[in-house]
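Inspection log for the structure reproduced underneath, given as structure tokens.
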Amino acid sequence: MIELYLYFGRAIAIAAPAGLVIWLFANIGFNGQSLLTLIANFLNPFARLMGLDGYILTAFILGIPANEIVLPIILMCYLGGNSLVNMDDLTSIGDILVNHGWTILTAINVMLFTVLHFPCTTTLLTIKKETGSIKWTVLSFILPTICGIVLCMFTNFVYNLIFLVI
């Protein structure tokens, strides 16, 4: 039971500053563009190789404190808002995603990368605590992330190859 309290304590200690960072990135900008948009534009070419877009990849990176905030960050970026989005209507969420270029390939690759990417910060801290090794913590971050990137790139390649042939 004490371990559960420690886990939640670490989650709160990480989530609060992360929320502040995300808010700052959404509200501070240059030349009329938020830092979120600037980062997304920078990441967009690499994200396209993965069958994603820059906003999706930015959301995954900013979602490292808590993976469940990735979709709200994506929606916040797409809607140009400066706060996380909480939408209960699945149809509205689907419409927003489709209106911002999501295809079946995008959805598949988001699901693949969700399953195969770095664990959240609290999990990484737990791995560090349990193993006592920064090596295993770094490996726990890098290995699934590389697998996710490679699988998404492969899926993107195969999907585009099939539709070039058809």
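The values are calculated or read from the model by the stated rules, or taken from the named source; none is laboratory data. In this text the structure is predicted, and so the values were computed from the model without any measurement. Because the Cβ atoms are built from the backbone with ideal geometry, glycine has one as well, and the counts that use them run over all protein chains shown. Ligands, DNA and RNA are stripped out before the accessible areas are found, and what is left, the full protein with its side chains, is counted by its heavy atoms. Shrake-Rupley method; radii C 1.70, N 1.55, O 1.52, S 1.80 Å.
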Cβ-Cβ under 6 Å pairs, at least 6 apart or on other chains, the range 147-159 side within 12 Å of Leu49 (Cβ to Cβ), far side open to solvent by 40 Å² or more (accessible area, probe 1.4 Å) and aliphatic (A, V, I, L, M): Cys152/Leu112; Met153/Leu49
Tally, over the range 13-40, of residues that are polar (S, T, N, Q), at negative phi and open to solvent by 40 Å² or more (accessible area, probe 1.4 Å): 2
Sole residue being at negative phi, modelled with pLDDT of 90 or more and among the hydrophobic types (A, V, I, L, M, F, W, C), chosen from Ile108, Ile93, Ile166: Ile108
Residues located in the range 57-71, provided they are modelled with pLDDT under 85 and touching a Leu at 6+ places or on another chain (Cβ under 9 Å): Ile69
From Ile69, Ile73, residue being under 17 Å from Val115 (Cα atoms) and either part of a helix (DSSP H, G or I) or in contact with an Asp or Glu (Cβ under 6 Å, 6 or more places away or on another chain) (or both): Ile69
Test for Leu43: is it under 13 Å from the mean Cα position of the chain (by Cα) and open to solvent by 20 Å² or more (accessible area, probe 1.4 Å): yes
Residue match in the range 51-61 (condition: within 13 Å of the chain's Cα centre (by Cα), in contact (Cβ under 8 Å) with a residue 60 or more places away in the chain and either crowded, with 19+ Cβ neighbours inside 10 Å or more than 19 Å from Leu97 (Cα to Cα) (or both)): yes
Residue among Ser92, Ser140, Ser133 that alone is touching a Pro at 6+ places or on another chain (Cβ under 9 Å) and either over 19 Å from Ala59 (Cα atoms) or hydroxyl-bearing (Ser, Thr, Tyr) (or both): Ser140
One residue from Ala59, Ala26 being under 26 Å from Ile146 (Cβ atoms) and of a type outside the set (Val, Ile, Thr): Ala59
